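> Please read through the structure below; I'll follow up with questions.
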Amino acid sequence: MKALSLLIFILIASNTSSEEDKSILIYGDSISAGYGMEKESQWSESLKTLLSDKGFEISVHNRSISGETTGGGLSRISRTLDELKPTFLLLELGGNDALRGYPPKKIYENLNKMIEASEERGIQVFLMQIRILPNYGKRYQTQFESIYPTLAQEKDVILFPFMLNDIALKKEFMLPDGIHPNKDAQPVIAEIVFNSLEPHLK
């Protein structure tokens, strides 16, 4: 009887620990790094509050870097994953590659390798669609933006809609540079990301 009770206790403790140990790694560029924002105002911090308020015991790690490209992200992905051991990866990279006119094929390859590095470690990947302005040229825009649904289908990962879809064209939500979201936009972005995440966390 004591042995049975001990087994039940171990199983309960194990499940509780597993739930508490769940974490999300946000891995992106300046949009996710909260460019121009104090840390407490960044959308990743608002996401932590949303998750907690909705009853999800999931910690959030943000390793986004302003100016980061897919090449830079690839160079540090293995080290970061081994250090943090996240349950989920939210991959939000590619915008800076497009700003520099990098070849879509190379962007695809870098993202693909980051997804593979995550899957090798049993980490579920959420890939963020990235949109760019049409002034890059229609051909480049189409080639670039098609990378994300193509990868999502090929690698069987979840594709999230671009988190600035409803924000980028609203001046009240953008900094004067017209590229980065302002303080008012941060909680809105958190809500958008949470709505994409929630169905996959239950």
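> Does ASN135 count as loosely packed, with under 13 Cβ neighbours inside 10 Å, in a helix (DSSP H, G or I) and not aliphatic (A, V, I, L, M)?
yes
> Looking only at the range 151-190, which residues are in a helix (DSSP H, G or I) and surrounded by 14 or more Cβ atoms within 10 Å (Cβ to Cβ)?
Correct list: LEU151, ALA152, LYS155, PHE173, LYS183, ALA185, GLN186, PRO187, VAL188, ILE189, ALA190.
> Which ranges mark the helices (runs of 4 or more DSSP H) fully within the range 12-131 that have 1 or more residues being more than 30 Å from LEU175 (Cα to Cα) and at pLDDT 95 or above?
Numbers: elements: 30-33, 43-53, 70-84, 95-99, 104-120.
Result: 70-84, 104-120.
> Run THR142 past the list (1) over 18 Å from the mean Cα position of the chain (by Cα); (2) within 20 Å of SER75 (Cβ to Cβ); (3) exposed (fewer than 14 other Cβ atoms within 10 Å of the Cβ) and report the number of the one that doesn't hold.
Here THR142 clears every test but (2).
> Please go through the range 18-48 and give me each residue that is of a type in the set (S, T, N, Q) and in contact (Cβ under 8 Å) with a residue 24 or more places away in the chain, ordered by number.
Scanning the range 18-48 gives SER23, SER30, SER32, SER41, GLN42, SER44, SER46.
The values are calculated or read from the model by the stated rules, or taken from the named source; none is laboratory data. Only a predicted model underlies this, so the values are computations on that prediction, with no experimental measurement involved. Using ideal geometry, Cβ is built from the backbone for each residue, glycine included, and neighbour counts are taken over all protein chains shown.
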